[in-house]
Each structure stands twice: as structure tokens, then as C-alpha cells.
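Here's the structure we're looking at; comments come further down.
What follows draws every value from the coordinates through simple rules; no lab data is involved. These figures come from a predicted structure and were not determined experimentally. So basically every Cβ, Gly included, is an ideal-geometry build from the backbone, and we count neighbours across all protein chains shown.
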Amino acid sequence: MDEYLELEGSENVVLQHISDRLEISNDNAIRMLSFLTNRQNLLGSDESIVVSKAKHKMMGMTVANEKYYINLKITTLVMCALLLDINLTKGLMSSICSLAGISTKAFVKLDEREGQKCILREVLMSETKTGDAHILDKFRGQCCNNDLRRCRYRCEGCCTCQPEEVEKILQELEKNTVFRKDGAGYYHYCL
């Protein structure tokens, strides 16, 4: 198994490769591709997703097709799958982990209900991959991850999670070695 997934082709071709490689449904492959295409700030400096519009003529009409050029680490795809709650087969997870030099004991089940998934997403989406107790302040009480419907802090589209609770969530994730806290009170994502 290669460390990188390098693909070129139409959306259907790319989705089929992702689906086959990760042993996931086509719907989940669509979710992953859309998530990563719209959040390229999550990609490493050596990763890319480029979408170009290719035009060709068919029976006198010009038809535009999108062509994808993808260069992603397999571990990025796995992290995306974990964030989107996509189930991967145990065999694939073990292979990917051993390839990346990660013990499968290093994986932690994130508790959506307790806000762990939300906080991890927000830290990962920050440019520096760091956060503190005030990471949700910028949303002014609005829910920032509407797809996480089981979160106990979500109430009719609003977020009731206060900085004290965010700090507790970050501390719990630090105990599980997801984050490392520095002397200034910031939590850094542990790659």
C-alpha cells in the first residue's frame, strides 16, 4: 500500500478509486471528497486537490466536465473518515496505521455527545492547529458544526458550550494524547 493516493480523472473515476481504496461506499467517498475540497487548509504542504474545468465539444455543443488532480496522504483520508464518522474496515485501519508507524492503540474514540468531535474539528481547521478555551467565541453562540446532532451543547442551532466546558474537553483530549498543552495555555494537535 502506498503512503500517498495520487489520482487524475473525472469526478466519477476519482470517487471510485477512493471508494475502492478505503473500502467505503460511494456516498461516503463523495462526502470525503467534498469535505477535503472545501477545506484544503487541512491538507499538508505536500498534498493537493486541484479541480479544473475541461471543455469539449459534443455534437456542436460545448460541455464542461470537472477534472480532478489529487495527491493526498492516506492518513489524511483516514483522518477525514474519522471526522466524518465513516467506518473503515479494521484490516485497512491496521494497514494504514502500520504504514504510518502508528500503533492502533493510539486511536481514541471521540465522543460527539460531549463535544470532543466539534472541538477537534475547530482546532484542526485553525491555521496553527492550536486552540484554547475560547476557540468557540468567534461563533457568538451559534453552532459551528451543525452536522453533529448528538452534541449535548447543541440547542436549536445554538451552542451552549462555555469556555470552562471547552477547557474540560481539551483537557480530556490531552489525557488521550490528542493534544499537548503549552505553558501559555494553548493546546496543540499531536500529529
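Quick notes on this one:
- Segment Glu6..Leu124, full-extension length gain: 40.2 nm, with 0.36 nm per residue of separation and the alpha-carbon distance subtracted.
- Label point 7 Å beyond Cα of Ala184 along Cβ direction - residues of the stretch 109-150 with amide nitrogen under 13 Å: 128-132
- Measuring against 25 Å, Cα to Cα, the residue pairs Lys73/Lys175; Lys73/Lys168; Lys67/Lys109; Lys53/Lys129; Lys53/Lys117; Lys138/Lys181 contain Lys73/Lys175; Lys73/Lys168; Lys67/Lys109; Lys53/Lys129; Lys53/Lys117 as the ones spanning a longer distance.
- Sparse-neighbourhood loop sites, GluC sites (Glu not before Pro) in the stretch 133-191 - DSSP loop, at most 14 other Cβ within 10 angstrom: Glu156
- Extension gain (nm, one decimal) between Asn146 and Glu23, 0.36 nm per residue minus Cα-Cα: 41.6 nm
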